Amino acid sequence: MPSNEQRRAAAKRKLERQLANRADRARRRKQLTIAGSVLGVVVVVAAVTGVYFLTRGDDSENTATPETKDASLSAAAPPAAQAKPATVNCEYTDSQRPADKPVNKPRTEGIKTDGADASLSMSMETSQGPIGLSLNNAESPCTVNSFASLASQGYFDDTSCHRMTAGEGLKVLQCGDPTGTGMGGPGYQFGNEYPTDQYAPGDPAAESQPVAYKRGVLAMANAGPGTNGSQFFVVYGDSELPPQYTIFGTVDKDGLETVDKIAKGGQDNANGPGDGKPTLPVTVTSMRID
């Protein structure tokens with residue numbers, strides 16, 4: 001039988017583990033609240049809302065270079081995507097806020113997801129350099145369909161990247177709002193796709209369990225389910241977010257170099273430590289399908 005001393009040591013170790021777990025949960029809750037605000041459109045919260053996510057959010061000061069991966073991140077990769085039908089139909093509904101820049105809704109029927117239509121390349125030219133994008137139509141076809149439609153109508157032209165976060169667990173550059181306030185959108189909204197659609201309806205993990213949004217990921221900001229619009233974010237450093245922000249593409253190597261330059265310039269902490277507007281002004285001068 002264990003001695004009293006051994007029992008005390010075991011109890012102490014158990015308490016230490018419990019305290020560490022509580023601290024970790026508190027850290028995750030703080031991150032999760034990042035995302036944000038927006039709604040008007042999308043915000044990121046939860047480390048995300050930060051996405052209407054980022055659409056408004058909070059985080060901590062950036063002292064590491066963007067290329068440095070945060071070794072403290074422990075979130076698992078999102079679930080593997082399940083194949084979609086060769087064609088899908090999409091739904092885009094009017095949002096409460098009218099469009100902040102004249103634009104037509106995307107087409108809704110017969111969106112192809114396979115073969116040559118499984119991916120789409122786009123070039124985003126910014127005042128700080130080019131950012132090449134590869135869109136994943138096979139996994140998030142309705143998101144890609146909307147994004148490409150907005151780009152083809154010049155919706156993103158001459159808009160600013162209005163937010164950058166640089167805190168532990170959330171390193172993103174957010175763009176896509178014509179107003180530059182984190183509240184703007186195209187006058188319509190639509191539902192989440194990958195990775196949200198890989199969870200069963202009502203699965204609490206889809207709401208609260210962070211997953212890894214890896215460096216180079218392109219994702220939508222939102223203010224909750226069904227509120228995706230035009231705001232999106234580029235992940236320049238491995239981040240943890242609830243799987244409520246549709247991943248719809250990746251940024252190429254040269255594009256990440258542009259984003260790294262912006263990140264190294266810092267941000268103004270306007271939304272709190274590590275969360276604000278980029279110090280280097282970033283204007284999307286054009287967005288074009290290659």
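Below, the figures for the structure above:
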item: Scope the range 100-126; condition surrounded by fewer than 14 Cβ atoms within 10 Å (Cβ to Cβ), in a loop (DSSP other than H, G, I, E, B) and either in contact with a strand residue (DSSP E or B) (Cβ under 7 Å, 6 or more places away or on another chain) or touching a residue at least 60 places away in the same chain (Cβ under 8 Å) (or both); matching residues; result: G110
item: Residue tally, condition hydrophobic (A, V, I, L, M, F, W, C) and without any contact (Cβ under 8 Å) to a residue 24 or more places away in the chain, over the range 266-290; result: 1
item: Counted residues, the range 152-170 - those being surrounded by fewer than 23 Cβ atoms within 10 Å (Cβ to Cβ) and either within 23 Å of P195 (Cα to Cα) or aliphatic (A, V, I, L, M) (or both); result: 1
item: Residues of the range 208-251 that turn out to be over 20 Å from L120 (Cα atoms) and polar (S, T, N, Q), as a count; result: 6
item: Scan of the range 244-259 for residues that are under 18 Å from F232 (Cβ atoms) and not small (G, A, S), ordered by number; result: Q244, Y245, T246, I247, F248, T250, V251, D252, L256, T258, V259
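Residue-by-condition table, conditions (1) of a type in the set (S, T, N, Q); (2) more than 19 Å from T250 (Cβ to Cβ); (3) at pLDDT below 95:
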residue	(1), (2), (3)
V45	no, yes, yes
E61	no, yes, yes
P79	no, no, yes
S95	yes, yes, no
G110	no, yes, no
D117	no, no, yes
M124	no, no, no
S127	yes, yes, no
P130	no, no, no
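The values are calculated or read from the model by the stated rules, or taken from the named source; none is laboratory data. Please read all numbers here as calculations on a predicted model, not as lab measurements. Backbone-built Cβ (ideal geometry, glycine too); neighbour counts: all protein chains shown.
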